[in-house]
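The structure appears below as structure tokens.
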Amino acid sequence: MSPDQLFSILNLVALTSWVLLALFPGRRIVTDVMAGTAVPAALAAIYTVIIAFAWSSSSGGFSSLSAVAALFGNQWLLLAGWTHYLAFDLLIGGWEVRDARERGVPHLFVLPCLVVTFLFGPAGWLLYRGLRATYASNRGAVLARP
């Protein structure tokens, strides 16, 4: 299998998980098992296998930006990096949905955060943290009214 073929498969798996997370936020099989454990674990396992087999074939590393660029000049290691993003972004998206559910944040408000997390990872997490803080302070203000 080529890196391009595996890239397509991994993207489809991740995208399917994100769609299910967006559509079925109340289903623990989706939020806890799929997005919270199973799919990220599968992605992590694939990442680990790629790293184990391809790491020694690159002269790059993490000591400088140029070294990272050299590392990602290897298609397999570039795919490993992408798989890393897929796994961690999905973990964060699953956490956002579970956390919102526990805090009573309406899922409709969480959906934009999920989209931004899917596309831009940390920016989506920041957006959700802002939503969570805003919702908590507004909800507290409403509950405190006489």
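Within the stretch 32-45, the residues that satisfy the criterion of being in contact with a helix residue (DSSP H, G or I) (Cβ under 6 Å, 6 or more places away or on another chain) and either open to solvent by 70 Å² or more (accessible area, probe 1.4 Å) or under 16 Å from Leu12 (Cα atoms) (or both) are Met34, Ala35, Val39, Pro40, Leu43, Ala44. Looking at this structure, is Ala70 at pLDDT below 95 and either aromatic (Phe, Trp, Tyr) or part of a helix (DSSP H, G or I) (or both)? The answer is yes for Ala70.
Looking for something under 22 Å from Ala100 (Cβ atoms), at pLDDT 95 or above, of a type in the set (A, V, I, L, M, F, W, C) and not in a loop (DSSP other than H, G, I, E, B) - is there at least one such residue anywhere in the stretch 2-16? Looking for residues that are under 22 Å from Ala100 (Cβ atoms), at pLDDT 95 or above, of a type in the set (A, V, I, L, M, F, W, C) and not in a loop (DSSP other than H, G, I, E, B), one finds at least one in the stretch 2-16, hence yes. Across the stretch 17-51, what is the number of residues that are touching a residue at least 24 places away in the same chain (Cβ under 8 Å) and assigned to a loop (DSSP other than H, G, I, E, B)? Of the residues in that region, 2 qualify. When Thr83 is tested against (1) more than 30 Å from Tyr135 (Cβ to Cβ); (2) open to solvent by 10 Å² or more (accessible area, probe 1.4 Å); (3) assigned to a helix (DSSP H, G or I), only condition (2) is not met.
Of the residues making up the stretch 118-132, just one is open to solvent by 60 Å² or more (accessible area, probe 1.4 Å) and either charged (D, E, K, R) or modelled with pLDDT under 95 (or both), namely Arg129.
Pairs linking a residue in the stretch 52-71 that is among the polar types (S, T, N, Q) to a residue that is at pLDDT 90 or above and part of a loop (DSSP other than H, G, I, E, B), with Cβ atoms under 8 Å and 6 or more positions apart or on different chains, are Ser57/Asn74; Ser58/Gly73; Ser58/Asn74.
The values are calculated or read from the model by the stated rules, or taken from the named source; none is laboratory data. From a predicted model like this one, the values you see are computed outputs, not experimental measurements. All Cβ positions, even for glycine, are placed from backbone atoms using ideal geometry, and neighbour counts span all protein chains on display. Side chains included, ligands, DNA and RNA excluded: accessible areas come from the protein's heavy atoms. Shrake-Rupley method; radii C 1.70, N 1.55, O 1.52, S 1.80 Å.
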